[in-house]
Each structure stands twice: as structure tokens, then as C-alpha cells.
Amino acid sequence: MNTRKPKLRSAAWFGTVDKNGFMYRSWMKNQGIPDHEFVGKPIIGICNTWSELTPCNAHFRKLAEHVKRGVFEAGGFPVEFPVFSNGESNLRPTAMFTRNLASMDVEESIRGNPVDAVVLLVGCDKTTPALLMGAASCDVPAIAVTGGPMLNGKHEGHDIGSGTVVWQLSEQVKAGKISMHEFMSAESGMSRSAGTCNTMGTASTMACMAEALGVTLPHNAAIPAVDARRYVLAHMSGMRIVEMALEDLRLSKLLTRAAFENAIRTNAAIGGSTNAAIHLKAIAGRIGVPLELDDWTRIGRGTPTIVDLQPSGRFLMEEFYYAGGLPAVLRRLGEANLLPHPDALTANGKTLWENVREAPIHNAEVIRPLDNPLVKDGALCVLRGNLAPNGAVLKPSAATQKLLRHRGPAVVFENFDDYKARIADPHLDVKPDSVLVMKNCGPKGYPGMAEVGNMGLPPKLLAQGVTDMVRVSDARMSGTAYGTVVLHVAPEARAGGPLAIVRDGDWIELDCEKGTLRVDISDEVIIARLDEWAAKQQPIAADRSGYRKLYVEHVLQADEGCDFDFLVGCRGSDVPSHSH
Ligand code: FES
């Protein structure tokens, strides 16, 4: 630890003997805090996404108490503050719609207040990227503490995974294999403790990404929410952030290009969510690190998926932790020279490799050896072609291998409402080799790029025993979902991408090996259809005011991270002082 005492940022508020210092200190004292408790000490902001409307983060006030104990023990002074909490399960139209709003809240809350460093309490899918984005734009010392996953779900004597079991059972209902009563009886057993989704969905993926990026303490990603060790980790993070404030260990020293490359490789090894491609790009953009969609192929390619978790595999986050958690995965990668930058610095002041090189591996079924992987190549597949000039992604580990190269006629839905209205129609002209295409579910089109890309299959085909079909859209997909699903098509239909002009019966060609996604029509026809499409476009009344106006006008496309154009970049923590 660096023992040189730096000038604390908070001294500009609490450290002056004048009228301003009087006022800043005096109002703090109305909480019953004596001078010696906070003046001259590192002030640690605890950025809390607690909300009873974000059930995954509903235990965060207790988590914050443990962070505070650690901060006090290390000689700092903790100040907890709320930020916008965008929970995945309740929020409409989709939690992604408010990810950038939350990041703005976080950024301005940090910059405007007398905090020297922050602890980011994150959990549910969008809270992790939102808080990292906001803190990165301020570039203050920061450490993330995740709320931890729920315990395994239980149903009829079996373990069931958050989200994944919903997709599985609802398809079985539609196929007539189980009754609605059986379906509904799984509801209480799926979510039976505090915490985030217990599959390798987006929340668990982003928790792993944060740990691989080095902005958490080791083991942060997997300790179950209700395991006492989660609270010990919160305590230790509170202690560590005080040191980080004194060391001036800012996010820009952790969130380097090397850290993002480590995270991309890690995502392949864990079979992580496609949403990571969007969120990592957005976080990188805030700290000035260049990251391209093709990096996911370039860096990830050839990395086996060794974590056997749902939705790609069998187990859940509880087993993942007991098997050794992310440090065990990173150790496996490092020993095979598959960790691109083992010397990347992490929040505890050690390198990533120092943290994991002796990590125990307790269960080789859950964290499999590299020579016996779940999927040989777990890299996200980045696709390009005349249907996705700026890219699209597919998660091979969640797909049916024989469909990764496929040619089929399009069955087109103009939007999600159109899909819902017609998918169950017994007269729908759809066959097992058809490609389901859905438009207008992208960042601007939905708006918010909802997780609807894993369109449920037509019930009449489910009843015939069809279990997967190629699906293409500009939407996202829940990290808990699965299927041969092409997502994030860019530019999206609403922005005039070629997806907008696909018609029923057009032949769609997918080739994951070559990384291509094409519609089999000529450039001339595409241009002519796009002209026709543009002439028909009408302004949408709901886009004319409110936050939705700001969103639709400024959101970037999926390949650019869906941040707002005016939020990209690091603006630092300087703030003009005002005189009372
Ligand atoms: Fe919050 Fe899944 S809904 S983590």
C-alpha cells in the first residue's frame, strides 16, 4: 500500500476553514456525525441500486451495511446514496431502455458529491454496466460488489434455473407435453432466495465480466447472495476501497484494453451472454478504450467453453461457486496460455494471475478441463453480410450445431406485436427449415432493444417435435435463453438497415464458420426496396417528447454499445466549485 497521503477530492468540500467548509460540514453534522468521523478521511460513496422493484437487488441495504463496516475498519467514512435501479424482471418496455439513464445518474451523483472513491453495488443485468459506465466516465477509484446469485431453484425434485426453465416449460406447454398447472407450479420454486438469476444469464455473465476486468475482489461473481461469505466479501471490498482511494487507483488503471481482452476470452470460457458484447463496448467507450465487435471473434475464437452452466449446459451458479468460481476458470485459461494478459492489474493491487494461479478447482464436471469442454469453440460468433452490414451476433454454445450453417425461406414479422399475433396461427406458412425474422425490436425500434430475439417457435412445429429454428432480429436475447438465434442485427430495421426490407419467402443464409449472414437478393433490389421503405416512414408520436425522445434521437446501434452518442467518453471528476 502506498502510504503517501494524497490530497483527497473531498477536501474541497470538508477541508476548508471558511464559510463554504462551514456549510458543507454543518449539514453533514445534522446526521449526528462528529468532525473526527469524516473530516480528513477518505469519503467512500456506496452507490446503491437497492429497490423492492428490483427483486434481484432487494437485499442490498444489508450488503451496504457490511461494506460500511469494512470502510470504517479501514479508516474511511462511508456515505450511501441511491441511484436509479433498473430491474430486469419488472421494468417496461425493457430495463435496457434505462441503462444509459442510470449511468447518467451515477456519473453525476459521483462527480457532484464529496466522494473520494465509490463502491458500486450491482446485481441485476443492467445495473452492472450502468454503474461501471457512470463511474468510468468520472474515472474515480471504484470497486464493484455484486449481490450474488440466488440459490438453485427446485421443482419436483430437480434443480431449475432462473429464466431458462421458463423458456423450457412454456415450450412444453405449447407442445402439449405438460399442463398449465404443472407449468405454474414451478413459479415459486424457481426464485426461492435473495439474489440474481442463478443461470449463466446476463447478470452472472456481467458479474464474471466485472471480475475478469479486475474491478472486483476475486470470487465476487459466484458467491451465492445468501452465503455469509458474500457479506465477508462486501466487508473486505469496503476495506480495500479505502486503500484504493489513498493509492489513487482509478478505474482507468484497471479498465485497460488488456482487461477487456481478458474479459472477452473469459466470456467464451464461461459460455456468457450475448449482452456482454453490448455492455463491454459501452463501458470501454466511457473510459476511452477502443473495442470492436470483431474483437469478440478475434480474441474469443478457439476458446473452449468449460463452464457447464445453464442455459448452455447443466449446472447453476451455486455449483459454480462450490466448484471454484471464476478464479478456477481463469486458472485453467492461464495454465494453457489462454489468458491474454495475466499481468493485468486488479482492484486488490495484484495482477489477475497472482489472484488465480493457485485457485482450487473442486469439481471438473462443473468447471471442465480444457481438453473436455462443453463446447470446443465458445467465442461469440460475429456475423456480417448484406443483412447485417455492421454486424450481428450468435451464441454458438446455446445453438443447435447443425443449424449453424443453414439456408431457409424467411417468415417475416414486422414487429413484436405482429409476431405475438401470428406465431400461433395454425395457417402460418412456416416449416422447420424456415427462418423466423423479426424487425423493429432494436435500440430505436422497440425502443430499448428488448430481449425478444429468442422468438418462441410456432406451436404447430413444437407439436411436431421441432426444438430449434434459425431466428434473426435486431433484438437482444435474455442471457438465460437458448437457440440458434441471430441477434443485434445492425443497423437495425428502424434505422434503415437492410433487415427492414426482408420479405416472406426471401432466402436467408447463415454460415457461422464463415461469419456471414445474407439475404439472397441483389444489391439493386435491396436499394429499391429501401427507397420504397423510406418513402413510407412516418414519425412516431410517442418519440416526440420525454425521455423517449432523448433515447431515440441519441442511442447508438448495437455494434456501438447502445450508449447515447453524447455520453461516450471519460469526463473526469472535476467539478466547478460554487460559493455559498
Ligand atoms: Fe435480475 Fe435476472 S432478472 S438478474
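Numbers at a glance
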| quantity | calculated |
| --- | --- |
| Shape category assigned to the range 143-197 from the gyration tensor of Cα positions, a/c cut at 1.5 | prolate |
| Rounded to the nearest 10 Å², the accessible area of His36 at probe 1.4 Å | 130 Å² |
| The chain - charge dipole about Cα centre, Lys and Arg +1 at Cβ, Asp and Glu -1, debye rounded to 20 | 860 debye |
| Set of lysines near Lys68 by C-alpha distance (under 17 Å), chain-local residues within fewer than 8 positions excluded | Lys41 |
| Projected area averaged over orientations for the chain, convex hull of C-alpha atoms, nm² | 26.6 nm² |
| Computed [θ] at 222 nm, helices only, for the chain once each DSSP H run of length n ≥ 4 contributes -39500 (n - 2.57) | -10000 deg cm²/dmol |
| Two-site label geometry, Asp520 and Arg229: point separation in nm, points 7 Å out along Cα→Cβ | 5.4 nm |
| Accessible surface, 1.4 Å probe, highest first, among residues Met239, Met200 | Met239, Met200 |
| Cα-based shape type of the range 196-342, given that a ≥ b ≥ c are square roots of the gyration tensor eigenvalues and the cut on a/c is 1.5 | oblate |
| Spin-label model distance (nm) - Trp507 vs Arg422, 7 Å beyond Cα toward Cβ | 2.2 nm |
| Net lengthening on full extension, Ala364/Glu52 (0.36 nm per residue, minus Cα-Cα) | 108.6 nm |
| Which of Ser191, Ser51 is most accessible, then next, and so on - probe 1.4 Å | Ser191, Ser51 |
| Paired Rg and Dmax values of the range 27-66, which use every Cα atom, in angstrom | 13.8, 37 |
| Label-point separation, Arg92 to Val466 (7 Å along Cα→Cβ), nm | 3.0 nm |
| Cα-based equivalent ellipsoid, the range 445-560: semi-axes from gyration tensor eigenvalues, Å | 26, 20, 14 |
| Dipole of the chain [Lys/Arg +1, Asp/Glu -1 at C-beta], most positive-end residue of Asn386, Pro396, Trp27 | Trp27 |
| Selection from Ala450, Val472, Ala500, by position along the positive dipole direction of the range 414-511 (Cβ) | Ala450 |
| For the range 174-270: rounded, prolate or oblate by the Cα gyration tensor [a/c cutoff 1.5] | oblate |
| Rounded to 5, percent antiparallel among DSSP beta bridges of the chain | 45 percent |
| The chain - percent of accessible surface contributed by carbon and sulfur, probe 1.4 Å | 53 percent |
| Contact order relative to length of the range 287-369, as percent, for alpha carbon pairs under 8 angstrom and 6 or more apart | 36 percent |
| Amide N proximity, the range 549-580 versus Ser252 label position 7 Å along Cα-to-Cβ, cut-off under 13 Å | 569-574 |
| Taking all pairs of distinct alpha-carbon atoms in the range 20-117, Kirkwood radius in angstrom | 15.0 Å |
| Relative contact order computed over the chain (Cα-Cα under 8 Å; 6+ residues apart), in percent | 15 percent |
| Volume in Å³ per residue [convex hull over Cα atoms, computed for the range 367-468] | 140 Å³ |
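The values are calculated or read from the model by the stated rules, or taken from the named source; none is laboratory data. Just so you know, these numbers come straight off a predicted model, no measurement behind them. No Cβ is skipped: glycine too gets one built from the backbone with ideal geometry, and neighbour counts run over all protein chains shown. Please note that ligands, DNA and RNA were not included when accessible areas were found on the heavy atoms of the full protein model with its side chains. Shrake-Rupley method; radii C 1.70, N 1.55, O 1.52, S 1.80 Å.
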